[in-house]
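Okay, handing you the structure first.
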Amino acid sequence: MGLDGMEIFAIAAVVGLFIVVLKQFGIWEPLSLEDDSNDSDLELSMVRHQPEGLEQLQAQTQFTRKELQSLYRGFKNECPSGLVDEETFKSIYSQFFPQGDATTYAHFLFNAFDMDRNGSIRFEDFVLGLSVLLRGSVTEKLRWAFNLYDINKDGYITKEEMLAIMTSIYDMMGRYTLPSVRDDSPFEHVEKFFQKMDRNRDGVVTIDEFIETCQKDENIMASMQLFENVI
């Protein structure tokens, strides 16, 4: 895969790889339109975490009440405690990338979902991220992607951060993919990424530079539309 392809993959992976989690949770099938009064308040006894009320989540997301009920049923069936820890998250991803090592990329992705940095993903975190990735605007999706790449959350993407992300993607794809991946391929991608994104040549990429450049790239924009209306 060439550098242009890897750049598109790096953006699309934010959306596409999350589908893996949905499949593992059993939430990928079309959401049920059947009402369930037992789930209407999104509460479950004997769990470590009880999520926010249904009305509040409906106001914060692009999902309907019935869709949220269906999502919660799938989530609680796989995560009875109401929380997903990082090791579980990594384990899920590793099952789908046996030819490579997905743990580092899963770590970065987990941190993007763990908004309060408490070491676990709540149902609220899950559904808010899912709403952006599947039903958010292009700008919202790109902001989410930027947050993933901005590892230390200081508002800038550095070459070191992008190299860490790209190396983790190459590791996840596996060293024996065809065509073969050279050891310096992640570095080459990062250099090309910064040539395109770093408009003022100050050595970092801001959110505005990131969004503006991506919006002018037809391939990246097409990748952002791939997973719309899947549920």
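Need a quick list: helices (runs of 4 or more DSSP H) entirely within the stretch 134-231 having at least 2 residues that are out of contact with any strand residue (DSSP E or B) (no Cβ under 6 Å at 6 or more places or on another chain) and modelled with pLDDT of 85 or more.
Qualifying helices (runs of 4 or more DSSP H): 138-149, 159-173, 185-197, 207-215.
Continuing with this model, one more query. Does the stretch 92-110 hold any residues that are part of a helix (DSSP H, G or I) and at pLDDT 85 or above, and which are they?
Thr103, Thr104, Tyr105, Ala106, His107, Phe108, Leu109, Phe110
Across the stretch 115-128, what is the total count of residues that are buried (at least 19 other Cβ atoms within 10 Å of the Cβ) and either hydroxyl-bearing (Ser, Thr, Tyr) or part of a loop (DSSP other than H, G, I, E, B) (or both)?
Here the count works out to 1.
Identify, from the list Ser70, Ser131, the residue that is buried (at least 16 other Cβ atoms within 10 Å of the Cβ) and closer than 27 Å to Ala222 by Cβ.
One residue alone meets the criteria, Ser131.
Right, Arg48: among the charged types (D, E, K, R), open to solvent by 10 Å² or more (accessible area, probe 1.4 Å), modelled with pLDDT under 90 and not in a helix (DSSP H, G or I) or not?
So Arg48 passes the test.
Please identify the pairs in which a residue from the stretch 96-120 that is small (Gly, Ala, Ser) has its Cβ atom under 6 Å from the Cβ atom of a residue that is in a helix (DSSP H, G or I) and open to solvent by less than 30 Å² (accessible area, probe 1.4 Å), counting only partners at least 6 apart or on another chain.
As it stands, the answer is Gly100/Met172; Ala102/Tyr93; Ala102/Met172; Ala106/Phe89; Ala106/Tyr93; Ala112/Leu148, since those pairs meet every condition given.
Now, a different point. Among the residues of the stretch 152-166, is any touching a residue at least 40 places away in the same chain (Cβ under 8 Å), open to solvent by 30 Å² or more (accessible area, probe 1.4 Å) and over 30 Å from Gly203 (Cβ atoms)?
No, the stretch 152-166 has no match at all.
Checking Thr104 against (1) surrounded by 14 or more Cβ atoms within 10 Å (Cβ to Cβ); (2) more than 15 Å from the chain's Cα centre (by Cα); (3) hydroxyl-bearing (Ser, Thr, Tyr), which test does it fail?
Here Thr104 clears every test but (2).
The values are calculated or read from the model by the stated rules, or taken from the named source; none is laboratory data. No experiment lies behind these values; they were computed from the predicted model shown. Every residue, glycine as well, gets a Cβ built from its backbone with ideal geometry; the counts of neighbours run over all protein chains shown. We work out accessible area using only protein heavy atoms, side chains counted, and drop any ligands, DNA or RNA first. Shrake-Rupley method; radii C 1.70, N 1.55, O 1.52, S 1.80 Å.
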